[in-house]
Structures are given as structure tokens and as C-alpha cells.
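Here the structure comes first, spelled out in C-alpha cells, and everything after it is commentary.
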Amino acid sequence: MDVCKTITEKFPCRKKIVKELINLISYDEEMFPNAIHIHGHTGTGKTTIIKHLLKESVRRNNENVFNVAFVNCVESYSSRILFENIAETLCSENAEEVKVENLKDFVERLRQLKTEDTRYIIALDNAERLRDMEANVLPSILRLQELSGLNLCVILITQLPLEKFYCKTSIDEPIIVYFPQYTKSETLKILSADFKNAQNLLISQLQRNKTENLEQKIDVINTVSRDFFNNYLNLFLGVFYKACRDLSELKITARKCFTYYMTPILEGNVDMSDVSRLWRCVAGQLRTALMQVYIRNGQPKSGAELNDKDSVKIAQSLELPYYGKYLLIAAFIASYNSSKEDKRLFVKNHGKRRKRMQAVNAKAKVAEKMSTYIGPKSFSVDRLLAIFYAILEEKVGLTCNLLSQISTLVNLKLLSFVSGENSMDGTSRLQCTVGLEFIVCISQVVGFNVRQYLCDFN
Amino acid sequence: MDSTISVSKGCFVFKGAAEGKKGGAIKRKLKDDNATNLQTQISKQPFYSTYTDTWRSLEIHIDQLQSQSYTKTLEDVVQYVENECIVGNTDTYDMEEIVPAAALLTGVNQPDHLEQFATLTQRILEKMSASVCMLQSRDCSTLKSAVETMVYNFIECAQERPPQSDLEDEDTEKRERKRLRRTQCNMRQLVHWYRRKYIKPYHNKDNEDDGVDDEEEHSPHAKQRTKRSHALVVILPDFECFNTTILQDLILILSAYYAHLPFVLIFGVATSVSAVHNALPYHVTSKVKLCVFKTQTAPVCLNEILERVILSPKYAFHLSGKAFKFLTHIFLYYDFSIHGFIQGYKYCLMEHFFQGNAYALCSNYTASLNQIKNLSHEDVECIRRLLSFRPYVESINDCKRIIAILTDDNYLKKKLPQLLRDCHIHFMLLRIFLEFLTVLTGDLPKCPLGKQRRELYSFCLSKELRDQPEFKECWQMLSFMSKDEFVSKVSKAISVTEDFLHSEIVDLELAEDCMTTVNEKLQALKDLLTKVVMSGMDEKSPTNSTAAPSTPATPEANKQKFTSRQDLKEHLLQMSKQHNKPSSEYAQSVAQTLLYIQNEIIIKYMAPLTRSPPLHELFVYSDVSTVRRHIIGAPRAALHMALNNPHYYLQCKCCQLSESNQLLATLPDLSVAYKLHLECGRMINLFDWLQAFRSVVDDIDNEQEQVDPQIQARFTRAVAELQFLGYIKMSKRKTDHATRLTW
């Protein structure tokens, strides 16, 4: 039972599941189950626990008796790679020799392995990708034991429940193991196990920055008690637990924020016991960190720059050639006006608009009817150019340089093709992907009033 | 530089053999044996050698400058990559899956940046042990091709530069080279390759990765040291062009393998960091540690190149104001492509020198003196035909000398050094005082003359500066300045000019002549400036005294009862006139200074080309229309011209048109059909079109219903050709109608 013990020591709060798994795969006197389906959210430890469990089992058993292949299905863009990856680790031959063209070859190869009491485990991470492969892959993988005649078990690790794997040809029901999310107290327990790491991190950071009074500060860090850290984690989870339950994410952020938490102490401004003041110092940092959760940032200094999702700022920082800007504006106008209105907006003598009751009613626009809220409509390149020439005061030739600007804008994802991307006959349709604020900002730079040309605002 | 690399961005002019003036590098490659006859002929000409010399020095200068300006960012990136790989990062050390990534904000012209990334690659390879793979979006249409390209590149590029390894290694490499096919490239291969190559010494110790992982549990730091000795850098130069799902999968794969292979990602982001965040969902961004780097924006880069290289007094070649403006215009208004700009500039250079051997004189002074000997009769004639030569001849009073200069080559040759010298000095002085004037007018409110040297340069080369309203506005603003501002501004301008003299001019030929002139002017200016300062000193009491009577004057004026609005207006007008007249000593001295600047500096030295010294055409390229025709492709216009007026290209006698919309039977059928289709609306009835076609082509006026099958066949063919050219499309909705696709 010591496999269980080592694993649970390493991964607290998962005792029950680990036991269950060990019951399934760790006894050599029994046949393996056909397949095991493991599912649960991200950051609940599926992959890591399985990985360690299998490694531990291999270590304890002889390698010839217990053979494990751990394959991540993300890279298996073809079933061939999946099979070769599995075959390579199971057969432990020279890698270049492994050649598995298809499922038949694969099963054949497994059959050749046949030895008396060797046991095989194939663990497939991100198993949901199997569904995208050929139709026979998933069902046969689940019946591999039967097909190969080996004492073999397939473990599927995925975020999706088994129901999502059902397909037309029907699959054999595997044994299901569910990894529930950690509760708050469990999370706290796991995070507090990270205490030493956080401490080391802090020390190494200080050493790297070559701060003054290094010795003294390191002493201070070494005096930090686990209770203090737990206290901090309580504060930390209070902020973060609502936003994020991914354990590894929380772990990283907790370490990062711990340095912020410690800074006032290290600088001698705040006493270590003065929790409320510490909280006041760190609250702001935590809040900014909350904005950046899941986003790894190389340089902590430019954190503020990173989360400027503000489109105005982006527009200001975006450098476009002059005509490129006008083309973008023209595209925006084309996207958010109906082509019926073009004549009224861009032709000088467009005649009078007849006022009809309908028109008057339509004019009383509600927000839902504003086309700027409805989203961009598609337009043809011809219309784009026509509007471009209408809004541009100077005369420009229709040159290659100008036309290639359109493709540049498409490349920059400011415009996108709706249809006919590859047709050359001018029937392709585009749409503008940027928002009103962005365009208003760009048009301010070139000194142009967009609102004047938008139906919504006239 | 492969000029078709950016084929998706526009059209390219391929310099054919007829022009045969390729860059020096290509020339060297071709050598004599396989160069065409024409090329050898041209490359022996003196103008060609001058051209290559000039271009080479320019190119080197530009390259230097660019590498300098990229250095800072590139160094940062390399530093980051190095840190991530070798030191390893402590705050994520038990997280095996987080790939370090650098986002390089490059600016919108993506083709330009490939070069930049090439330099980055070089830098990385110089600095550290790493393999670099440039992964472009066009190679990544599917995940399979993306991975294959990446792996193939890693293994391939390592083979191209075999490290100093023992024989055994080379043997395995040879075997590899034979065996590796594109389809075999997958991540597994890469892992094997990496293990074989870079962690060989450790291979025996821990035969399998299980062993490695075991070790990791006990001493993560030690493990990192051993494993990260050789980094695998993946550069995605055009991040925006990637399909997001493929990119996500690719990153997930890299992160899955990060435990075994130390990847570093570098994204070239054209717009902003948010593009990265938009493209990647949380479960992917959490696998990437992103660090943002900014490069210089393209306009800043261009300004630097312009000011440091193209406007440098070192080079004898100049662009006329219009040509200069034209090139910068393409840059700023169309594409932001520095490479394009440099190529355009090179084109101007080629055109300039290709005008004849006389243009070989367009180099530095001593070189041009040497060239004078080599001038043939035709070359001298060519010089005589220059536009500015005529005023020069006319300015000579002596009849004999005029005849001599027009007929005697040797006499002219004797005169040439002096003329060339004048030109050189003129352009140098122009450049020096450009510096002066830029400082003076660059930061005035609203910048009437432009902020940058380039704007001012093209301005004063093309027009008489003094007569321009912008200039007057500037001068007015300068004269309205407060004394401190004015004095500091002018003295700053003087000091900048002096700095410029010392840094750029001193080492050049003819520098002394320039220096004396400039120093003389600056000295005079300084004197005037001290006068301005002094006037202030003296003025202090006068201003007080003038202020004193004026203060009581205002209440007095207030006391005055104005009977009407008109009275008040008149009064105010009078008052303003009075104010104008009695200018203080300070104002006078300012005016004096400005007048001096205007008369002695601007009019004398910043003359437009029309007033430039004789033979300036040898140094200035001004043929904008040729450049425009060759640089800017206008396919639509060219096609329209060809179809509408075939005579323009065919030069045949039969198709001469008196007006553009004339229809002749002798025109090619395609042209007739095209012209007829221009008269139609969106939908074209084929039968009507045929009738019209027949009436044009078939001059016999037969009213028969039956159309001559030959004519019908010709018509059908013309229509098919128009369809092929993309002007029309057969309509599916309406039978026997074609849709126009152009407007």
C-alpha cells in the first residue's frame, strides 16, 4: 500500500481517488480493466496524479513486467503519430525503426509483444482529440485489450465526461473515475504545502536583484512561519477563489503575490504581526494580479501595459499608413451602413429624401436597431474603394500599393473575408472587425469625422 | 535580398537585362564568364563604377544604422531568451509546461520584418547555443504542416552548420540526412534528435526519460542546467496571419514537450499585444510566459535613415524636392516599408547614373576630378545640354570664352573643377543651414514648415522659401516670441549647427571652405544676437516707461464715451496702428536678426534648384515621372490604356485615335469589345453587344438578320478574352447577359 502513501503525500486531498485507481491497476494477480475514463476540470490534478502514479508503479515493479506509455493526444494530428508514439514506448525499440501505418499495423505490433505476465498501460492525455480522428480509432482503443490479447489497460484523461465520447458505432463503456474540484479548504491545504517553494523563490529573487541588506532580509524570510503563510493564503484565496479554481494557476499567482506581501515587511515598514496593515498594502497588488490571472508575464514591470484592453489605447499605439487609415475608416463605414444610404451620404446632389411615416418611425431608433450595435455587415471591394475615394479629399491613383493595403489590413485582422477569399472575380466580400471607438480614434488622428457618415448618427 | 519574398504585398519591377544594372553583390556573383555581353559592356562604363561605389557605401551606411537601431531591442530579446533557457526561471520551476515567449511589437509592414528577424536569429546564434526556426504562417495551414516544418527546420538548420563534433557525430548526421523525409518529421523525431545531439553525455546516466524525471524530483536546478544547454527558438514572424486554432494546438504541443525540449517562442506582432490575447484562450495563455518588447516604429526608423544617410553631406547624390517627397509619400501614405523606400531610392540612383557617363562626376570632389579626364566628347556634350548650363553660358560676358566653352572640350574640362566645386559647396552649405533652420522652425506651433528635416528639405529645394506663406507665418511667429525664447532658440540653432559642422562636415573634402563661410555667418548672427540681448537690458527702463504712460492711457480710453460701435472700432484700429509703429529697440533688433537670417542664409544658401549653381543636374535626380511609372504599379490604368488606346503600346499606324472614345474598325477586336462594354450598365445584353460590335467592325452596312459567322466568332473570342481579363462574368440570373465586374 505504500504506492498509495507516497502519492497521497505528494498530492493531498486525493486519497480516495488514488486508492480507487490503485485498486484498478496495481495488483498483478488480477487482469487489468479494459479501459478507464478519467475526467474532471482543469487543474484538478488528473494528469499529474496519473503520471506520478504510473511512474511510481513502474519503479516498484520491474520494467519488463509493467510497461507504460504516456501520450499527449494534442500532437497526434494523425492517428499514425498516435500509434507510433505508443508503439515506441511500449516496444522500447530504436525509435527510428518504429513504423505503424494504421490501426491494423498497430494491433499487429501489440500482438507480437505477447509475453506471459507483462502488463501494459496506455495513458492518453487530452483524449477528447481522439474523437477527431478516424472513426475506428476511439472504439478500437477502448477495446485494445481484447484486440491485442495482452494484459493491457487504456486510460483516457480528458476534461469531458464520457457522454461526449459516444459515437455512431457505439463504444465499450470504460470504468469512469471523476476528479472533483478541490474545495476551498482543500485548496488552502495544497497551497500551504507550497510554503518552502515560495520562500525559496523569494530568496532567489532577492539574490538576483542584489538588494542591500541581503543577509538580514534572508534572515527575515527564514523566520516566516507556516502559520503566517497560511494567513496570507487565506487572504489570497478570499480574492482569487471566486475568479479561478485552477490549482496550478493559483499556485503560481500565490507565489508571485507572496513577494508583494513580503515587501513591506522586508523593507521594515510594517511589522509581521500587523495583518490588517499588510492587507492594506497588498490589496491593490492582488487586484491587479487578478486581472492578469492566466496571463504569464515575463516582465512584472510592464504589467499595466499588458491589460490595456482599452481599444482607444490600441488605436493610438497602432501605426498605419495614411491611406491605410482611410481604407479602414471606409471599411468601417461600409460595414455599418446599408448600401442604400450610400447615395445620400456620399453624393452631393442626391435629391430630397421623401419623408414617409415609415421613415419617421424608423428614425426613432432604439438601441437594438442601431447598426453599430448589430455588428458589421459584409461589403465588396468595389464598394470599399468607392467609399474610400468619396471620403478622401485628394485624388489618388488606384495603384498596386493602394490595393495591397487592403490585403495588409486583412493580414492584420482589421478586416476579414466573409466569403470568396480565393476568388479573383471581385465577388469576394469583406467585413470590418474593429469597433466604433477604435475607428473614432483613428479618424481623429487623420482629422476626419466618421460619425458624420454613419447612418446611426444622422 | 530576394525581391519576391513579399509577393503578397504588391507587384514588383524586375530590372531586366536591358537595364542590366544590378547591385554590386549580384555583379560579383555573375563574374565575367557567364555575364551577358551587355552587362559587361555596361559594367565597364565609368558611370557604372561610380554608381556601384555610391550604392555600396550607402548600403553599408544604412545597414549599419539599421542594425544599430535594432540593437537595443534585439539585445533585450536575446537577453531574455538566454535568461529563460540557461538560468531557468525560479518562480515556475515545478511547472514544467510553461513556455517562455517574447512578443516583439514590430509595426504593420510585415514583409519588412523578416530581415529584422533574420538579424535576431543571427544574434541569438552568436550569443548562445541554440537552434532557431523561423515558422511562417504560410507553412502552417494545418497543424501537421506546422509541426513538420518546424521539426524539419530544426534538424535541417543544425545540419547546415555542423558544430565541431567528432567523426561519429558526422556519420550519424549523414545517415540522418539521407533518411529524413518531410512526413517523418514529428515531435518524436525532434526529441530523439535533440537527445542524440545535445544531451549525449547524460544519455548513459539516465537512459530513459523516466530516469531524468526521477532526478528532477530531487534537484530541479541541477536538472535544468544540464538540459537547457541548447535552446530551441521558434520564431513566428507574422503572428496575426496564423490560424488561431492551429496556433493554439502548436503552443499546447510545445508546452507538452517543454519538459524535454527547451523551447522559446518569439512572436512578431504587428498590431498590439491584445492580438495575442485575442488569439489565445486562457488554457493556452496559461501555458505561455509572455514578455513584450517594442521596436522602433517605422516612421522613426525612416527619419533616422533619411537624416543620417540620405541627407548626409557625405554623399554627392541628391534627390530633388519632388522626388524626395514622392518617395517619402509612398512610405508614409501607403506601406510603411523601409525596404521599399530604400529600393525606391536605389532605383532613383540607378536612373540617375544611367543617364550617361557625364554623371560619373557625381561622386566626391577628388574622384570627380579624376573622372574629368575620362570624359568623351559625347559626355561633354551631355554636360552642355544640361538645363542649368545655359544661364551659366549667358552669364559670361566674353564672346570668345563663350565660343570656347561651347566648342572646345578641353576648355570646358578646365573649367569643370571650379563648377563642380561650387556645386559641392552649395549642397554642403544647404545641408548645414538646413540643420539651422530646422531647429529654428521645427517646434513652432502648428509647424508650418514641418517638424522634420525631410519636410523642410523637400520644401526648400522645390520652392523659393522666402515667398511661401508658410515661411512668412514662421517668421511672424518668430518675431512675436518673447526675448528669452527667441534668444535661446537662435542660440540653440547656432550650437546645433556648430555641432553638426564638427561631427559631420569636418572630415569631408572642401570642408574648410564651408566652415569659413558658415562660421562667418554664425559669427555675424551671434553678434546680432548679443544685440538682441543687450537691447533687452537697455529696454527694461523703456518698457517700464512706455508701460507707465500706457496704463493710465487705458483708463483714459475707458473713460472716453464711445457713441457707437463704429467709433470704438476706429479707435481700436488706431491704437493697434500706433502699437505697430513705435517698435522697441528689442523688436528692431529681432527684426534685424531675422532679416539677416533671411537674406544672408536662406536666400543665399537655401535656394531652390532653379537658382542652384550650374551643373547641379549632375548631382540631383529630379525625374519623378519616370520613377513613378516604374515604381508604382497601376495595373488597372495600364490595362485600361492598352484596351482603350492600343496605339499607345502598339505604336501602329492603323489605330491612331483622335479622341479616346473613338471606335475604329481597325482596332483589335478585344479593344472594340472593351470600349463597347464601357458604355453599358451593370448588365450587358450579349445580342446588343454583338450588334454594336458588328456595326463597328463590319463596315458594309448590311441589314441582314444573319450575322456573319466570322464576325460572331471574333466577337465570341473577344468576350472570352474580356472574361479572362476579369472585366465581365457571364450572368447566371439572366440569360444571354454578362455582368460587368468593374466600375
Any residue in the range B:491-509 that's touching a residue at least 40 places away in the same chain (Cβ under 8 Å): show its pairings with residues that are surrounded by fewer than 11 Cβ atoms within 10 Å (Cβ to Cβ) at Cβ separation under 8 Å, as long as the two are six or more apart or on different chains. B:Glu509/B:Thr366
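Restricting attention to the range B:120-144, report how many residues are within 14 Å of chain A (Cβ to nearest Cβ) and within 30 Å of the chain's Cα centre (by Cα).
Number satisfying all stated conditions: 4.
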State yes or no: is B:Lys400 more than 14 Å from every other protein chain (Cβ to nearest Cβ) and closer than 30 Å to B:Leu412 by Cβ? yes
Among the residues of the range A:224-255, how many are surrounded by fewer than 20 Cβ atoms within 10 Å (Cβ to Cβ) and without any contact (Cβ under 8 Å) to a residue 40 or more places away in the chain? 5
Considering only residues that are among the polar types (S, T, N, Q) and either within 12 Å of another protein chain (Cβ to nearest Cβ) or touching a Pro at 6+ places or on another chain (Cβ under 7 Å) (or both), which ones fall in the range B:289-339? B:Thr295, B:Gln296, B:Thr297, B:Thr328, B:Ser337
Out of B:Leu690, B:Leu639, report the one residue that is in a helix (DSSP H, G or I), touching a residue at least 24 places away in the same chain (Cβ under 8 Å), under 30 Å from B:Lys346 (Cα atoms) and assigned by the TED database to the domain that holds B:Tyr727. B:Leu639
Just checking, how many residues over the range A:389-432 are at the interface with chain B (Cβ under 10 Å from one of its Cβ atoms) and not in a helix (DSSP H, G or I)? 12
Farther than 25 Å from B:Tyr334 by Cβ and at pLDDT 65 or above: does that describe A:Lys348? yes
A:Pro174 passes all but one of (1) under 30 Å from B:Ile246 (Cβ atoms); (2) under 29 Å from the mean Cα position of the chain (by Cα); which number fails? (1)
Hey, can you tell me all the residues within the range A:214-258 that are of a type in the set (Ser, Thr, Tyr), outside any helix (DSSP H, G or I) and either closer than 22 Å to A:Asp274 by Cβ or within 14 Å of chain B (Cβ to nearest Cβ) (or both)? A:Ser225
Please list, ordered by first then second residue, the pairs with beta carbon atoms under 7 Å, 6 or more apart or interchain, first in the range A:38-55 and more than 18 Å from A:Ile175 (Cβ to Cβ) and part of a strand (DSSP E or B), second modelled with pLDDT of 85 or more and not β-branched (Val, Ile, Thr). none
Looking at the range A:405-438, which of its residues are buried (at least 19 other Cβ atoms within 10 Å of the Cβ), over 27 Å from the mean Cα position of the chain (by Cα) and either under 22 Å from A:Lys340 (Cα atoms) or among the small types (Gly, Ala, Ser) (or both)? A:Leu430
Members of the range B:278-288 found to be more than 7 Å from chain A (Cβ to nearest Cβ) and free of Cβ contacts under 8 Å to residues at least 24 places away in the same chain, listed by number: B:Asn278
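Let's see how each residue does on (1) at pLDDT 80 or above; (2) assigned by the TED database to the domain that holds B:Val81; (3) closer than 20 Å to B:Phe117 by Cα:
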| residue | (1), (2), (3) |
| --- | --- |
| B:Val234 | yes, yes, yes |
| B:Cys241 | yes, yes, yes |
| B:Thr245 | yes, yes, no |
| B:Asp249 | yes, yes, no |
| B:Ala256 | yes, yes, no |
| B:Ser272 | no, yes, yes |
| B:Val276 | yes, yes, yes |
| B:Leu280 | yes, yes, no |
| B:Val284 | yes, yes, no |
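When the residues of the range B:252-275 are filtered to those that are in a helix (DSSP H, G or I) and in contact with a strand residue (DSSP E or B) (Cβ under 6 Å, 6 or more places away or on another chain), which remaining residue is nearest to the other protein chains (Cβ to nearest Cβ)?
B:Ala256
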Pairs only if they're at least six apart or on different chains, beta carbon under 9 angstrom, first in the range B:714-743 and in contact (Cβ under 8 Å) with a residue 12 or more places away in the chain and more than 13 Å from chain A (Cβ to nearest Cβ), second of a type outside the set (Val, Ile, Thr) and in a loop (DSSP other than H, G, I, E, B); list them, first residue then second. B:Ala718/B:Pro668; B:His737/B:Ser731
Single unsatisfied condition, A:Tyr336 versus (1) surrounded by 17 or more Cβ atoms within 10 Å (Cβ to Cβ); (2) at pLDDT below 85: (2)
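Looking at the range A:367-406 only, could you name the residues that are touching a strand residue (DSSP E or B) at 6+ places or on another chain (Cβ under 9 Å) and either at pLDDT below 85 or not assigned by the TED database to the domain that holds A:Ile329 (or both)?
A:Gly375, the sole residue that qualifies.
The values are calculated or read from the model by the stated rules, or taken from the named source; none is laboratory data. In this text the structure is predicted, and so the values were computed from the model without any measurement. No Cβ is skipped: glycine too gets one built from the backbone with ideal geometry, and neighbour counts run over all protein chains shown.
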